[in-house]
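Read through the structure below, which is laid out as structure tokens, and then see the notes.
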Amino acid sequence: MTGYKELLHNYVERPGGTVSFGNKTTGVIKGYGILTNGKVSIKKVFQALEDSDWLLAMQEELLQFKRNKVYRLVPRPQDKSIIKTKWIFRNKKDESGLIVRNKARLVAKGYSQQEGIDYDETFAPVARIEAIRIFLVYAAHKNIKVFQMDVKSAFLNGVLHEEVYIEQPEGFVDPDFPDHVCILDKALYGLKQAPRAWYETLTNHLLSKGFKRGTIDTTLFLKKEGDDLLLVQIYVDDIIFGSTNPELCTKFSKIMETEFEMSMMGELNFFLGIQVKQNPDGIFINQSEYIKDMLKKFNMTDCSPIKTPMPTGNLLGPDLSGKSVDQKIYRSMIGSLLYLTATRPDIMFATCFCARFQANPKESHLAAVKRILRYLKGTPELGLWYPKDSSFELISFTDSDYGGCKLDRKSTSGSCQFLGDKLVSWTSKKQNCVSTSTAEAEYVAAASCCSQVLWMKTQLLDYGYKLKRVPIYCDSESAIAITSNPVQHSKTKHIDIRYHFIKDNVEKGIPTDSCVVSGFSHFNLNLKRFGLLYGIDDVCLILFVISNPKGEIVGCKIGLYPRSQVGAQSEDKGKVKVVNKEHSDCFAWSHEDMVGIDPNIISHKLNVDPTFKPIKQKRHKFAPERNKVINDEVDNLLKTGKIREVKYP
């Protein structure tokens, strides 16, 4: 029993009468929860020294120093700067938010270090969040069980090449040599070169054991044994790994345990604040616990949920006449929301839009941010689902508004990348230049998207996927024309050279078929749209809506098209061939109803609900007046995501 609510986890407000104590006093029962051992949060060393749980955590940290031979006690030098240290206390939680242990860490006040004297190189690579998602997507695709491990006090294993001195730890000064200092043999948390020293130590160990470093992602390590592949992704001291052969995972654990002291956590379920749920059908990731903590942090736990993260209509402006709000709180909210976008692409645009007003936030801007929090209150469990049974084809989509920012009239680029049906990367970013036309805005957005696609294409080489053709879908025919034609027009000649590399990739790049920008005009034919309606086994029906050079809809055709025939149409610019003339301008649910068509023809597929049953009807002709109805329906299906544009390899 306690009078401090902050000591209770999962506290529930529920009055329950009164209780009497031995000193003849009574108390009112207001609720209940789980009592956590030790003080929940402390900042001062004297508080920790008075609490047995925190004292044990401090002693464990210093014992780790002794095991790794981090420092030696030496007389204080007269001509050297001595770096001070500080104790940091925090609670380590599991995926449900429950405190599992107290953690005390001794850190150096590295801000007092002098470059060239106390340190030289400091850079250490850190895995991009997209790289981690690609890792999980690959694991789901191959049905690989992912495990995690943690290196205890990882930075203490990094070897220092500089001569660095620190003060003795506060509260643990040697009584026989109180004026002595510590010379470091290993790195210490807080030192500017500590991350690099740890990365070099870990890398050298893995390379010596036969691992290969990733081509572009130097935090990814791979090892092949026959047809089996072991993948290891590191994020500082947190490591996730998986293999097509479970025995390789066991071997890797032993490799790490022989060199470092490890904290084995078993199957991956919580990584970098992301909850990971693995099951036989795929992997689901979300940040529901992070959302709950964020709502509590900003006093929004009792807010009313809302269905959308931002309203439609007029977007926010600078609001110069509005009342200013606390910049620190506003920026803290934006930072928390940006971290949440690791698994929530639905708030990406709204968050990045509100981030533009951090220099001078007003009440209207704060209200917009709180609206995002209200939206999250109603959708805390939303996340990303990576199914096992889906393709691994890389496709990308790009789009842009035109002059949408009221501050400087710059446009906003947006893009997303899929591996099959699995969303792995997305961006929403204001462009660096002011576009003078929608074509220019779309072209700049496509160039940015191309950069991400090329990075992912190279990243996937390490996973054994050599992609020859990666489509980038753009809904601007003018932007597509700029990428495909070398002509310089008066309205495009001013576009910055850094955006023209997409044209280079399309025209003569690495090679010409490595990156293909596609829109509504496929194969230089006048196809306004084409999407998939329904698939039966390996035979699928494709709807073509045909337009003339003026862009006018002239008809539609449906049929089963072989891959070779569609590819041949790229040279036949004036017409669209069909398998059988009698099937022109007709509709059918089954290939049996389309006489004369080989049922083994391969085309695209559409994943439909297994319970879906098509209407039993024979092939029938479309009347001319039905064309508009069909075209409108195709547009609606495209907008709602029921069908999507596709392109033959």
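The values are calculated or read from the model by the stated rules, or taken from the named source; none is laboratory data. Fair warning: this is a prediction, and the values are worked out from it, not measured in the lab. So basically every Cβ, Gly included, is an ideal-geometry build from the backbone, and we count neighbours across all protein chains shown.
Of all the criteria given as (1) assigned to a helix (DSSP H, G or I); (2) surrounded by fewer than 14 Cβ atoms within 10 Å (Cβ to Cβ), the one not satisfied by Phe349 is (2).
Condition first: closer than 21 Å to Tyr339 by Cβ, in a loop (DSSP other than H, G, I, E, B) and out of contact with any Ser or Thr (no Cβ under 9 Å at 6 or more places or on another chain). Now tell me which residues in the stretch 376-424 satisfy that.
Kept after step one, since they are closer than 21 Å to Tyr339 by Cβ, are these residues of the stretch 376-424: 376-386, 412, 414-417, 423-424.
Adding the requirement that they be in a loop (DSSP other than H, G, I, E, B) leaves 379-382.
Hit for the stretch 376-424 is Thr379, nothing else.
Table: residues versus (1) assigned to a loop (DSSP other than H, G, I, E, B); (2) at negative phi; (3) aliphatic (A, V, I, L, M).
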site	(1), (2), (3)
Leu230	no, yes, yes
Ile239	no, yes, yes
Thr250	no, yes, no
Glu257	no, yes, no
Ile306	yes, yes, yes
Leu316	yes, yes, yes
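Exactly one residue out of Arg128, Arg105, Arg90 is basic (Lys, Arg), under 30 Å from Leu230 (Cα atoms) and modelled with pLDDT of 80 or more: that is Arg128.
Of Glu259, Glu289, all but one fail to be surrounded by 15 or more Cβ atoms within 10 Å (Cβ to Cβ) and modelled with pLDDT of 90 or more; the exception is Glu289.
Answer with yes or no whether Ala187 is over 30 Å from Ser425 (Cα atoms) and under 31 Å from the mean Cα position of the chain (by Cα). Walk me through how you get there before you give the answer.
On the way: over 30 Å from Ser425 (Cα atoms): yes; under 31 Å from the mean Cα position of the chain (by Cα): yes.
Yes; evaluated as a whole, the condition is true for this residue.
Look at (1) part of a helix (DSSP H, G or I); (2) among the β-branched types (Val, Ile, Thr); (3) under 20 Å from Gly414 (Cβ atoms) and you find that Thr343 fails only one, number (1).
Pairs linking a residue in the stretch 227-240 that is closer than 16 Å to Thr201 by Cβ to a residue that is acidic (Asp, Glu), with Cβ atoms under 7 Å and 6 or more positions apart or on different chains, are Asp237/Asp150; Asp238/Asp150.
Does the stretch 199-207 contain at least one residue that is part of a loop (DSSP other than H, G, I, E, B) and at pLDDT 90 or above? Walk me through it before giving the result.
Going residue by residue through the stretch 199-207, those that are part of a loop (DSSP other than H, G, I, E, B) are none.
Taking every residue of the stretch 199-207 in turn, none turns out to be part of a loop (DSSP other than H, G, I, E, B) and at pLDDT 90 or above.
Looking at Ile395, Ile334, Ile372, Ile306, just one residue is modelled with pLDDT of 90 or more and out of contact with any Cys (no Cβ under 8 Å at 6 or more places or on another chain), and that residue is Ile306. Tell me whether the stretch 312-329 contains one or more residues that are closer than 23 Å to Gln148 by Cα, surrounded by 14 or more Cβ atoms within 10 Å (Cβ to Cβ) and among the acidic types (Asp, Glu). Checking the stretch 312-329: not a single residue is closer than 23 Å to Gln148 by Cα, surrounded by 14 or more Cβ atoms within 10 Å (Cβ to Cβ) and among the acidic types (Asp, Glu).
Of the residues making up the stretch 184-195, those that are out of contact with any strand residue (DSSP E or B) (no Cβ under 6 Å at 6 or more places or on another chain) and buried (at least 20 other Cβ atoms within 10 Å of the Cβ) are Lys186, Ala187, Ala194, Pro195. Filtering the stretch 185-212 to residues that are aromatic (Phe, Trp, Tyr) and either within 13 Å of Val232 (Cα to Cα) or not assigned by TED's automatic domain parsing to the domain that holds Trp87 (or both) leaves only Phe211.
Test Gly116 against the stated conditions and say whether it is among the small types (Gly, Ala, Ser) and at pLDDT below 80. Judged against the criteria, Gly116 is a match. Being in the same structural domain as Arg105 (by TED's automatic domain parsing), surrounded by 14 or more Cβ atoms within 10 Å (Cβ to Cβ) and in contact with a Ser or Thr (Cβ under 7 Å, 6 or more places away or on another chain) is a property that Gln168 lacks. Within the stretch 381-397, not a single residue is touching a Pro at 6+ places or on another chain (Cβ under 9 Å), of a type in the set (S, T, N, Q) and farther than 30 Å from Lys142 by Cβ.
Okay, residues lined up against (1) surrounded by 18 or more Cβ atoms within 10 Å (Cβ to Cβ); (2) touching a residue at least 12 places away in the same chain (Cβ under 8 Å); (3) charged (D, E, K, R); (4) touching a Phe, Trp or Tyr at 6+ places or on another chain (Cβ under 6 Å):
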position: Lys362; (1), (2), (3), (4): yes, yes, yes, no
position: Ala367; (1), (2), (3), (4): no, no, no, no
position: Ser400; (1), (2), (3), (4): yes, yes, no, no
position: Arg409; (1), (2), (3), (4): no, yes, yes, no
position: Thr412; (1), (2), (3), (4): yes, yes, no, no
position: Leu419; (1), (2), (3), (4): yes, yes, no, yes
position: Thr427; (1), (2), (3), (4): yes, yes, no, no
position: Thr438; (1), (2), (3), (4): no, yes, no, yes
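Residues in the stretch 259-304 that are over 17 Å from the mean Cα position of the chain (by Cα), within 29 Å of Asp421 (Cβ to Cβ) and part of a loop (DSSP other than H, G, I, E, B): Pro280, Asp281.
To keep it simple, each residue is scored yes or no on (1) closer than 29 Å to Leu272 by Cα; (2) surrounded by fewer than 16 Cβ atoms within 10 Å (Cβ to Cβ); (3) touching a Leu at 6+ places or on another chain (Cβ under 8 Å).
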site: Arg90; (1), (2), (3): yes, yes, no
site: Leu106; (1), (2), (3): yes, no, yes
site: Tyr111; (1), (2), (3): yes, yes, no
site: Ala140; (1), (2), (3): yes, no, no
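For the stretch 50-99, enumerate the residues that are outside any helix (DSSP H, G or I) and in contact with a Pro (Cβ under 7 Å, 6 or more places away or on another chain). Write out each step before concluding.
First pass over the stretch 50-99, keeping only residues outside any helix (DSSP H, G or I): 50-51, 69-99.
Once the filter is applied, which keeps residues that are outside any helix (DSSP H, G or I) and in contact with a Pro (Cβ under 7 Å, 6 or more places away or on another chain), the stretch 50-99 yields only Thr85.
Here His205 meets the list (1) out of contact with any Asp or Glu (no Cβ under 6 Å at 6 or more places or on another chain); (2) surrounded by 14 or more Cβ atoms within 10 Å (Cβ to Cβ) almost entirely, failing just condition (1).
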